[in-house]
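A.B. asks: My questions will all concern the structure given below.
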Amino acid sequence: MTRPFFSGVSRRDFLKTCMTATALMGLPLEAVRRVAEAAQSPGRPPVIWLHFQECTGCSESLLRSSHPTLASLILDLVSLDYQETLMAGSGEQAEKALEDSIKENRGKYILVVEGAIPTQNEGVYCKVGGKTALESLSRAAPGAAAIVSIGTCASYGGIQAADPNPTGAVGVSNVVNQKPIINIPGCPPSPYNFLSTILYIQTFKKMPVLDQLGRPMFAYGRRIHEHCERRPHFDAGRFAEKFGDDGHRQGFCLYKIGCKGPATFANCSVQRFNDTGTWPVSVGHPCIGCTEPDVVFKTSIFDKVQIHSLTPPDTYPAAVVEEKGKGADPLTTGVVGLVAGAALGAGAMLVKRLPKEVGDEKSD
Amino acid sequence: MTEQVQYKPLGGTIFTRGLFVLLFFTIIGFSLIAVRFWKGIGAVSNMTDVFPLGIWITYDVATGTALACGGYAIALLVYILNGWHYHSLMRSAILLSFFGYILAGFSVVTDLGRFWNVYNIFMPSRWQFNSALLEVALCIMTYCLVLFIEFLPVILEWIRGLGWGTVSKFADRFAPKLDRVLIYFIVLGMTLPTMHQSSLGSLFLIATSKVHPIWHTMHLPLFFLLNCLFLGYGVVVLESTLSSYIFDREYEVRVLAGLAGAGAWIAVVWLVLRIADLAWRGRLGMAFAGGDRYSLSFLVEFLLIGAGAYCLFKPKLHSARWLFISGMLLIVGGGLYRFNVYLIGFNWTHHWKYFPALPEFLITVGIVAFKFLAYFVLIKILPVLPAKHEPHLAGSPDWSSLMQSKIKSSSNWHLP
Amino acid sequence: MKSQTRRGFLKCFGLAGTVLAVGRAGFASEGAINDNGVGLLYDATRCVGCKACVAACKRANDLPPEKGSFDPEGIWDAPADLDGKTRNIVKLYRESESVWSYVKVQCMHCMKPSCVSVCPVSAMQQDADGRVFYDKTRCIGCRMCMVACPFIVPRFQWEKPLPQIVKCDLCKFSEVPRKGKPACAGVCPTEAVQYGRRRQLLAEAKRRTETNPGRYRSYVYGEHEVGGTNVLYLASAAVPFDKLGLPNLPNEAPAAFSEKIQHRIYKGFMAPLALYATLFFVATLNRKKLSKGGEKEEER
């Protein structure tokens, strides 16, 4: 196989990366050795990477992992046989490489899909090398050992699937059945979510634990709201009410300007991006819920989201409350007074009419 | 001169203006009860976790059943204290008692949060014998049955009078049989209220720290029992006077004056025991000179009952007018006592507030209106009231011979 | 005629014997009081007010959140007190910057519970380990338990057409079968609330007050109050218990007080039967007197 990349990773950097990946997957420390071994094993699985309706952001995200350069790691980790953004070849030579890889590695390669698949009008809206996305996918999918949908577009349809979805864009799981599919949603997802998934498969020869949307639990098992650094501000009721206001400047919770954290399962607040420790909320933009099929591109970025599993705020009720209860309201008091008054009045009238002679007239 | 006591339906038109007024309030009340079942208790009431019992239990059940103790009070007077000349008041008192208790039961079901589980009260395996409420529930239900049986002679008499072929013949044969066993039920009708009226007091024995010390005492059962007795006599005076006024009949002043004596004595005993109890517990100062709203409520209760008893003792005040006033004083004072224990003095350390919500209040009014409505309709149809004597016609029999004839006729023991 | 009176009289006493036998049934909580049931020890000086116990209780017992009055959008679970959705709550007493304390509020699991004593249908029960729990399938919603409880613990779901009583039951049916201890004790990060047998918890509480008198109030609340409770409280030396909402209560269990009186009146159902018999006797006597008097009149 042609190796279109240069290698050049120091052993130290390599092990560091394996450590990170191990930790990210939530595995115990002892697993690092296994992960490193798997990464170096000569039986590197071939990877075929297809691009459809996408912005290439996911590939770009992968390229932004700088420690070490991901290009080198992919060289050692997997055999990347086809990747339109990164490969040197093009044209019919590239397409032949794809076909050959599919044929030779039947049942062994990991198919990575980036971008959504248009289904309207037989999918003419996305054609690569003369083939529609549907055709390409139906050719590459059957022979794959596993399929990884990287990005929200490949997972659920993404931005092109937003109303009215004129191209009929859908995610991979809507097109392919009977194949193990792992969704790594995000717009883009953290590259390390993808990387660790590949490492996991290679190490343990099985799929990581997935949630009911096919996402690895180690990365998508918890809501942003539950491990966000601004949660104490939420609990204390300190919010940014408008972009640029005082609360915003002080870094308060962004719930009221539309943060979808309470409805979004992801690890952005922990993993962060670009190895710089930043993520949208940390720089003052509310989470847009890009890992959720029902949130991003389906709801307004600035609409407040419903919070499930409410938790107590930062305030406390007083231990002893002095005055409470539903006392008298004017209307009821009035009516009761009226009825009582009427009864008293009737009683008084009756009393006047009753004879006040002792005994009755006929007493002896 | 040896006439049987005659009872006959009052007759007259049923659809009077008064009836429509009562019907109006009844309909409002019962519509709100439907709302209560549809939307929950909180939608119609101001009861909260700190005041879990409101006016439905305090008035409709606790005070309402005391107001319905006329039958009990009269029965004691007639059968135990040999006061046979009061016998003519029994039927009317029984009818009022019956309605009072049935509607108290209905109020309970309205107030019960999980009313669909009420069948558990009938399952002996679920009975928890330390519960005063269990006793109250079972006793009241039995008492309603007893009251019904005690009222059965009236219905049978009516059926016999109707001449409805087989039905009337059945009534003819059944009535004497009923007569023979009726005494057992009458005595039961004196035992049961003794039990459940005192149990209404027992309900609050356990709220040791929650009922204000002016009212919380180990003698609550006794106080509630005595209270229901003098209240009962007050109610009989009220009922009899009202009937006489509304239906233009003779005021049974002599009879009532006798009754009044009994009520007055019981009220005095009650007052003395209350003071003794307060002194024994060291709360006299708190009660009479506390200076807060609890002391005030106690003083009002005390003075009302004291004033009522005082008036009843004075022979000069044994006119229809003053008997009525005294009766009302006993009733309001006695009722206030129950309100003090159940509501006003409850959870007094918390300074929390409770005042009935408008729908809650109107439901109570509706139920009371229904009670009067049913009573007025039935006394016109069924032979409940003693046959009318014409007070203003010349030549009508004088009172003493009338009394004698009543006593004599009672020896033909058909209809208690 | 005399025989009739005697007959009736004897009939009554015949009944008495039968009912006496029945009279022994169903008295809840008869017998010796268990002083080594399971319970909680809450140490207010260790509590940091994190409210993990509140959240854990809601989660373990499937309780919905309560909207606070200050929270129109409903983004928090902010009950102001125990209520129809809240079995456990943390409150704050704050006198000044330096004198304050948190207090965890839930059912006290009295050793002789008032709520159990008043429930007519045995919906409130106490198990062999002293836990006081609620069975909604029996409950009729009479709310006597709310009237009786000295701590005002049982709460009612006023806003529901099909309501029930809500009260802590030490996770008897929820967390204890799953994890062996109640959710609150299981999640507390500072061990402010601990779960265990009452004797051990009481000994531990006393040990703390003795070895640390400057920190603790030298009194364990719940040791004697209302006959002793299975949930015990330790407070800081600067904060009296009544400021934490734990009222000054006598040592006699209210249930013991009321049951004593009720048993005196109703033991074996003797008094009611005796009453019936006496009334029957007197009434019949009076009736005979009356008929005799009437006959004499006629003769005259």
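A.B. asks: Inside segment B:170-211, can you point out the residues that are farther than 22 Å from residue B:76 by Cα and open to solvent by 20 Å² or more (accessible area, probe 1.4 Å)?
C.D. replies: Of everything in segment B:170-211, those that are farther than 22 Å from residue B:76 by Cα and open to solvent by 20 Å² or more (accessible area, probe 1.4 Å) turn out to be B:170, B:172, B:173, B:174, B:176, B:177, B:208, B:209.
A.B. asks: Continuing with this model, one more query. So, of the residues in segment C:82-95 that are open to solvent by 30 Å² or more (accessible area, probe 1.4 Å) and closer than 18 Å to residue C:158 by Cα, which turns out to be farthest from the chain's Cα centre (by Cα)?
C.D. replies: C:85
A.B. asks: Where in segment C:56-128 are the strands (runs of 3 or more DSSP E), entirely inside, with at least 1 residues that are touching a Lys or Arg at 6+ places or on another chain (Cβ under 9 Å) and within 14 Å of chain A (Cβ to nearest Cβ)?
C.D. replies: C:89-94, C:100-105
A.B. asks: Would you mind telling me which numbered condition in (1) within 14 Å of chain B (Cβ to nearest Cβ); (2) open to solvent by 80 Å² or more (accessible area, probe 1.4 Å); (3) over 30 Å from residue B:220 (Cα atoms) residue C:252 fails?
C.D. replies: Looking at each condition in turn, residue C:252 falls short on (3).
A.B. asks: Return the only residue of B:93, B:132 being more than 7 Å from chain C (Cβ to nearest Cβ) and touching a helix residue (DSSP H, G or I) at 6+ places or on another chain (Cβ under 6 Å).
C.D. replies: B:93
A.B. asks: Kindly list the number of the only condition in (1) under 30 Å from residue B:183 (Cα atoms); (2) among the β-branched types (Val, Ile, Thr); (3) open to solvent by less than 10 Å² (accessible area, probe 1.4 Å) that fails for residue C:282.
C.D. replies: Every listed condition holds for residue C:282 apart from (3).
A.B. asks: Also: Say we look at segment C:39-52 and pick out the residues that are more than 8 Å from every other protein chain (Cβ to nearest Cβ) and in contact with a Pro (Cβ under 9 Å, 6 or more places away or on another chain); which of these is nearest to residue C:181 (Cα to Cα)?
C.D. replies: C:40
A.B. asks: Please go through segment B:141-160 and pick out each residue that is more than 16 Å from residue C:266 (Cβ to Cβ) and either in contact with a Ser or Thr (Cβ under 8 Å, 6 or more places away or on another chain) or within 14 Å of chain C (Cβ to nearest Cβ) (or both).
C.D. replies: Just the residues of segment B:141-160 that are more than 16 Å from residue C:266 (Cβ to Cβ), to begin with: B:141, B:143-160.
Across segment B:141-160, the qualifying residues are B:141, B:143, B:146, B:147, B:150, B:159, B:160.
A.B. asks: Looking only at residues in segment B:346-360 that are at the interface with chain A (Cβ under 7 Å from one of its Cβ atoms) and touching a residue at least 12 places away in the same chain (Cβ under 8 Å), which one is nearest to the chain's Cα centre (by Cα)?
C.D. replies: Checked segment B:346-360; the qualifying residue nearest to the chain's Cα centre (by Cα) is B:356.
A.B. asks: Continuing with this model, one more query. Could you check, for segment C:148-158, whether at least one of its residues is within 20 Å of residue C:119 (Cβ to Cβ), in contact (Cβ under 8 Å) with a residue 12 or more places away in the chain and in a helix (DSSP H, G or I)?
C.D. replies: Yes - at least one qualifying residue is present in segment C:148-158.
A.B. asks: Hey, could you check segment A:55-77 for residues that are modelled with pLDDT of 80 or more and hydrophobic (A, V, I, L, M, F, W, C) and say which is nearest to residue A:195 (Cα to Cα)?
C.D. replies: Among residues in segment A:55-77 that are modelled with pLDDT of 80 or more and hydrophobic (A, V, I, L, M, F, W, C), the one nearest to residue A:195 (Cα to Cα) is A:62.
A.B. asks: For residue C:35, which of the numbered conditions (1) charged (D, E, K, R); (2) touching a strand residue (DSSP E or B) at 6+ places or on another chain (Cβ under 8 Å); (3) at pLDDT below 95 fails to hold?
C.D. replies: (2)
A.B. asks: Of the residues B:71, B:105, only one is open to solvent by less than 10 Å² (accessible area, probe 1.4 Å), part of a helix (DSSP H, G or I) and in contact (Cβ under 8 Å) with a residue 24 or more places away in the chain; which? Write out each step before concluding.
C.D. replies: Values: B:105 fails: open to solvent by less than 10 Å² (accessible area, probe 1.4 Å).
After applying the criteria, what remains is B:71.
A.B. asks: Would segment A:39-53 turn up any residue that is part of a loop (DSSP other than H, G, I, E, B), touching a Cys at 6+ places or on another chain (Cβ under 8 Å) and at pLDDT 75 or above?
C.D. replies: Checking segment A:39-53: at least one residue is part of a loop (DSSP other than H, G, I, E, B), touching a Cys at 6+ places or on another chain (Cβ under 8 Å) and at pLDDT 75 or above.
A.B. asks: If you check B:370, B:355, B:346, which single one turns out to be more than 27 Å from residue B:259 (Cα to Cα) and buried (at least 24 other Cβ atoms within 10 Å of the Cβ)?
C.D. replies: B:346
A.B. asks: While we're on this one: Identify the single condition in (1) closer than 30 Å to residue C:250 by Cα; (2) surrounded by fewer than 17 Cβ atoms within 10 Å (Cβ to Cβ) that residue B:165 does not satisfy, given that it satisfies every other one.
C.D. replies: Going through the list (1) closer than 30 Å to residue C:250 by Cα; (2) surrounded by fewer than 17 Cβ atoms within 10 Å (Cβ to Cβ), residue B:165 breaks only (1).
A.B. asks: Is it the case that residue C:186 is among the small types (Gly, Ala, Ser) and open to solvent by 30 Å² or more (accessible area, probe 1.4 Å)?
C.D. replies: The answer is yes for residue C:186.
A.B. asks: Quick test of your reading of the structure: residue B:43 fulfils all but one of (1) within 25 Å of the chain's Cα centre (by Cα); (2) surrounded by fewer than 24 Cβ atoms within 10 Å (Cβ to Cβ). Name the failing condition by number.
C.D. replies: Tallying (1) within 25 Å of the chain's Cα centre (by Cα); (2) surrounded by fewer than 24 Cβ atoms within 10 Å (Cβ to Cβ), residue B:43 fails exactly one: (1).
A.B. asks: Let me ask something else. Restricting attention to segment B:74-83, report how many residues are assigned to a helix (DSSP H, G or I) and either in contact with a Leu (Cβ under 8 Å, 6 or more places away or on another chain) or closer than 17 Å to residue B:327 by Cα (or both).
C.D. replies: In the first step, residues of segment B:74-83 are kept if they are assigned to a helix (DSSP H, G or I); the result is B:74-80.
Narrowing the set further to residues that are either in contact with a Leu (Cβ under 8 Å, 6 or more places away or on another chain) or closer than 17 Å to residue B:327 by Cα (or both) leaves B:74, B:76-77, B:79-80.
Counting residues in segment B:74-83 that are assigned to a helix (DSSP H, G or I) and either in contact with a Leu (Cβ under 8 Å, 6 or more places away or on another chain) or closer than 17 Å to residue B:327 by Cα (or both) gives 5.
A.B. asks: Here's something else I'd like to know. Would you point out the residue of segment A:215-254, among those that are in contact (Cβ under 8 Å) with a residue 60 or more places away in the chain and more than 17 Å from the chain's Cα centre (by Cα), that is farthest from residue A:28 (Cα to Cα)?
C.D. replies: The qualifying residue farthest from residue A:28 (Cα to Cα) is A:237.
A.B. asks: Further, regarding this structure: Answer with yes or no whether residue B:56 is open to solvent by 30 Å² or more (accessible area, probe 1.4 Å) and either assigned to a helix (DSSP H, G or I) or under 30 Å from residue B:91 (Cα atoms) (or both).
C.D. replies: Values: open to solvent by 30 Å² or more (accessible area, probe 1.4 Å): no; either assigned to a helix (DSSP H, G or I) or under 30 Å from residue B:91 (Cα atoms) (or both): yes.
Judged against the criteria, residue B:56 is not a match.
A.B. asks: I would also like to ask the following. Which condition number in (1) touching a strand residue (DSSP E or B) at 6+ places or on another chain (Cβ under 8 Å); (2) under 30 Å from residue C:291 (Cβ atoms) is the one that residue B:53 fails?
C.D. replies: Failed condition: (2).
A.B. asks: When the residues of segment B:237-270 are filtered to those that are β-branched (Val, Ile, Thr) and facing chain A (nearest Cβ under 9 Å), which remaining residue is nearest to residue B:8 (Cα to Cα)?
C.D. replies: For segment B:237-270, the residue satisfying everything is B:241.
A.B. asks: Within segment B:225-245, is there a residue that is more than 28 Å from residue B:379 (Cβ to Cβ) and of a type in the set (A, V, I, L, M)?
C.D. replies: Checking segment B:225-245: at least one residue is more than 28 Å from residue B:379 (Cβ to Cβ) and of a type in the set (A, V, I, L, M).
A.B. asks: If you don't mind, another one. Quick check on residue B:271: is it under 19 Å from residue B:219 (Cβ atoms), buried (at least 17 other Cβ atoms within 10 Å of the Cβ) and among the aliphatic types (A, V, I, L, M)?
C.D. replies: Details: under 19 Å from residue B:219 (Cβ atoms): yes; buried (at least 17 other Cβ atoms within 10 Å of the Cβ): yes; among the aliphatic types (A, V, I, L, M): yes.
Yes.
A.B. asks: If I ask for residues that are over 20 Å from residue C:43 (Cα atoms) and of a type in the set (A, V, I, L, M), which ones from segment C:59-107 would you list?
C.D. replies: C:60, C:63, C:75, C:78, C:80
A.B. asks: Being buried (at least 18 other Cβ atoms within 10 Å of the Cβ) and away from chain B (no Cβ under 14 Å) narrows it down to one of C:223, C:191, C:175, C:210, so name that one. It would help to see each step written out before you state the result.
C.D. replies: Details: C:223 fails: buried (at least 18 other Cβ atoms within 10 Å of the Cβ); C:191 fails: buried (at least 18 other Cβ atoms within 10 Å of the Cβ); C:210 fails: buried (at least 18 other Cβ atoms within 10 Å of the Cβ).
The unique qualifying residue is C:175.
A.B. asks: Can you list the strands (runs of 3 or more DSSP E) lying wholly within segment A:79-167 that have 1 or more residues being under 27 Å from the mean Cα position of the chain (by Cα), within 28 Å of residue A:289 (Cα to Cα) and modelled with pLDDT of 95 or more?
C.D. replies: A:109-114, A:144-150
The values are calculated or read from the model by the stated rules, or taken from the named source; none is laboratory data. All of these numbers come straight from a predicted model, not from anything done at the bench. Quick reminder, even Gly has a Cβ in these numbers, built from the backbone with ideal geometry, and neighbours come from all protein chains shown. The area values use the complete protein model at the heavy-atom level, side chains included, leaving out ligands, DNA and RNA. Shrake-Rupley method; radii C 1.70, N 1.55, O 1.52, S 1.80 Å.
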